[in-house]
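The values are calculated or read from the model by the stated rules, or taken from the named source; none is laboratory data. None of these values were measured; they are calculated from a predicted model. Glycine gets a Cβ as well: all are built from the backbone with ideal geometry, and neighbour counts include every protein chain shown. Remember, those area values only see protein heavy atoms, side chains included, never the ligands or the DNA or RNA. Shrake-Rupley method; radii C 1.70, N 1.55, O 1.52, S 1.80 Å.
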Amino acid sequence: MARVLVGVKRVIDYAVKIRVKPDKTGVVTDGVKHSMNPFDEIAVEEAVRMKEKKLASEIIAVSCGPTQAQDVIRTALAMGVDKGIHVEVSGAEYETLQPIHVSKILAKLTEKEKADMIIVGKQAIDDDSNQTAQMTAAALDWPQATFASKIENGDKEITVTREVDGGLETIKCKLPAVISADLRLNEPRYATLPNIMKAKKKPITKMTPKDLGVDVSPRITVVSVEDPPVRQAGAILPDVDALVGKLKEGGHI
Amino acid sequence: MSLRKEVIQLYKTLLHLGKDYPSGYEFFRTRLHKAFMKNKDEKDPEKIKKMIAHGQYIVKELETLYMLKKYRTLKRRYDL
């Protein structure tokens, strides 16, 4: 039976309207509702289903981030994860934390926890990097099954259906492996109130990147963050002549 | 579990779910409260059981609503 590690990220809730800070250094996060990255929810759900089918022995949820990252670990625990690991990265360090750092942390923890499967969401809805799964696979030298829309467990082997451009690709890969979850892998369950209460008793280990020997010094600097361009309003013209005139004016004909 | 306890449990569950309601928590809470208060004098255990079953149905519907809303938003946003 596999020991499964799932990565969960705390992001601004999908339903919140994102506002860019006036000084263009980032987006407003203070007093904004946060929740677990929806793709990570799918990853957690998949791991929990594996455990329910007795294919996984233990599930460990990992989150890198400030103190509040524990909230999403709690959500994962309420969904059925066994224990959590919170890697505390806060302040300026968190602002420049990149998938490369997270993947190194995940790789180290995998070795430490002797996990033989990693499931993460394919991307986070805040930075849309889509790199963590791939880089983690590289750091561990494990096979990767990204954008999974179906996972079938075999003995020492998994069959994964991947969503690729214009169709589905089915691959087989040996365990241990890194899997990234696509949108249609499953429908995540809702963390019920009694389960949230029970989750409070489950253990969360706290550590820092330093404890794991991972260097989280920034590799990039954010130059500026800007709103996407606003679509210009259209106009309704009275007749064809006016339309032709407008098009000529714009140099289209 | 006594019926009274069951009703309270249902109310709490619904309140918890209401936190994510699209029209806002306050909107949901006032309506939920009204719905429960309307039947506060019900004494017939059979009827109460029926109402609890209905409440449980609403819980399922809400969970599905949230799931679909999230799925559709992501699908639209990422053109998946």
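Points to keep in mind about this one:
- Residue selected from the stretch A:206-230 under the condition over 18 Å from A:Lys9 (Cβ atoms) and of a type in the set (S, T, N, Q), by the criterion nearest to the other protein chains (Cβ to nearest Cβ): A:Ser224
- Summed over the stretch A:149-201, the residues that are more than 11 Å from chain B (Cβ to nearest Cβ), assigned to a loop (DSSP other than H, G, I, E, B) and open to solvent by 60 Å² or more (accessible area, probe 1.4 Å) give a count of 6.
- The set of residues from the stretch B:36-80 being within 14 Å of chain A (Cβ to nearest Cβ), open to solvent by 100 Å² or more (accessible area, probe 1.4 Å) and either of a type in the set (A, V, I, L, M, F, W, C) or not in a helix (DSSP H, G or I) (or both) comprises just one member, B:Asp79.
- Test for A:Gly26: is it away from chain B (no Cβ under 14 Å), touching a helix residue (DSSP H, G or I) at 6+ places or on another chain (Cβ under 6 Å), open to solvent by less than 60 Å² (accessible area, probe 1.4 Å) and in contact (Cβ under 8 Å) with a residue 40 or more places away in the chain: no
- Scanning the stretch B:1-35 for residues that are touching a residue at least 40 places away in the same chain (Cβ under 8 Å) and away from chain A (no Cβ under 14 Å) yields B:Leu3, B:Val7.
- Extreme residue, farthest from the chain's Cα centre (by Cα), among residues of the stretch A:223-248 that are closer than 30 Å to A:Pro22 by Cα and open to solvent by less than 80 Å² (accessible area, probe 1.4 Å): A:Gly234
- Selection from the stretch A:97-116 of residues that are assigned to a loop (DSSP other than H, G, I, E, B), touching a strand residue (DSSP E or B) at 6+ places or on another chain (Cβ under 7 Å) and closer than 24 Å to A:Gly26 by Cα: A:Leu97
- Residue count, the stretch A:108-148 (criterion: among the small types (Gly, Ala, Ser) and either farther than 20 Å from A:Pro38 by Cβ or open to solvent by 20 Å² or more (accessible area, probe 1.4 Å) (or both)): 5
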